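Here's the structure, in structure tokens; my notes come after.
The values are calculated or read from the model by the stated rules, or taken from the named source; none is laboratory data. Note that the structure is predicted; figures quoted are calculated from it, not measured. Neighbour counts run over all protein chains shown; Cβ positions are idealised from the backbone, glycine included.
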Amino acid sequence: MATTIAQIGGFALWDILQLAQTSRMSIKLSVDSPHGTGAMFFESGNLRHAIAGDKTGDDAVDVILEWREGSVSSSQLPADCPQTVKNSSIVALLMDRARMKDEQDRENERRGRKTGQTQQEAPPKKKEDTAMDLKAVKVILEEIDESLLGGLLGVDIISKASGMSIAGINSAPRVCALFNRMSEQLQNALASSKDSPAKSLKKFIVEGDNGLFIFVVEVDARHRWTMLIDGSKTPLGMVFSVVIPDVLPRLEESLKHYTNAG
């Protein structure tokens with residue numbers, strides 16, 4: 001029996017696919033959109049098979065990822081699921097799509113020069129095709145890990161809509177969902193209180209009784225940046241005065257296209 005796990009507006013399907021991979025799920029994700037129906041099949045977190053209408057494999061994946069509204073439901077992975085997709089890794093799939101788009105853009109630019117067009121007159125890139133520079137985000141998160149001197153226990157960029165990590169180190173899906181829900185509750189409480197000195201939060205810190213600290217930073221309208229830090233290994237002043245001011249603008253820029261994709 002299928003269970004609906006997300007109603008999609010702005011289609012955050014990448015977030016759901018990331019969760020299926022990082023959680024090593026064996027699952028069938030069915031997508032019901034006004035544009036059609038399709039499904040993607042994961043085994044132990046690896047994408048094995050996809051169908052969309054009369055298309056299968058990579059062609060079906062390309063079709064499904066163009067949809068921007070609908071719903072996603074989950075059901076048990078069939079025992080006889082075939083292997084039809086080239087990239088079983090979601091990150092590899094993302095990079096392959098970005099590579100193909102770059103090649104297409106270069107070919108369009110070359111043709112434009114031949115016909116006397118300027119580079120500015122070349123066909124504009126689609127937002128969804130140039131979006132999601134998660135590789136750059138991942139590099140930034142790795143730099144954070146190096147700069148915190150072994151004190152970083154986990155870091156994630158979380159989709160506010162789904163509560164799922166779109167990029168992270170030592171990601172834990174349930175923890176991401178908890179951090180996201182906690183942040184939403186704080187934001188809602190501030191927004192609804194007449195006596196609140198602030199109507200929204202840009203960043204906050206929660207201290208545990210075990211020397212651990214949770215940092216939550218609002219990156220943009222769709223993403224939160226969360227960190228779990230061991231305070232005995234990392235000076236907290238450095239996090240606020242150095243790491244966050246340096247990293248936040250870079251995350252905003254790297255996620256700009258990803259945000260626009262919705």
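So the values come out like this:
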{"quantity": "Search result, residues across segment 34-74 that are among the polar types (S, T, N, Q), more than 18 Å from the chain's Cα centre (by Cα) and modelled with pLDDT under 90", "calculated": "SER44, SER73, SER74"}
{"quantity": "Any hit, segment 182-190, residues being touching a helix residue (DSSP H, G or I) at 6+ places or on another chain (Cβ under 7 Å), exposed (fewer than 12 other Cβ atoms within 10 Å of the Cβ) and aliphatic (A, V, I, L, M)", "calculated": "no"}
{"quantity": "Residue check for LEU153: surrounded by 14 or more Cβ atoms within 10 Å (Cβ to Cβ), in a helix (DSSP H, G or I) and more than 15 Å from the chain's Cα centre (by Cα)", "calculated": "no"}
{"quantity": "Tally of residues being at pLDDT 85 or above and buried (at least 19 other Cβ atoms within 10 Å of the Cβ) across segment 121-139", "calculated": "1"}
{"quantity": "Cβ pairs under 7 Å, 6+ apart, first in segment 176-192 and closer than 20 Å to GLU207 by Cβ, second of a type in the set (A, V, I, L, M) and modelled with pLDDT of 85 or more", "calculated": "CYS176/ILE158; PHE179/ILE158; PHE179/ILE214; PHE179/VAL216; ASN180/ILE158; SER183/VAL216"}
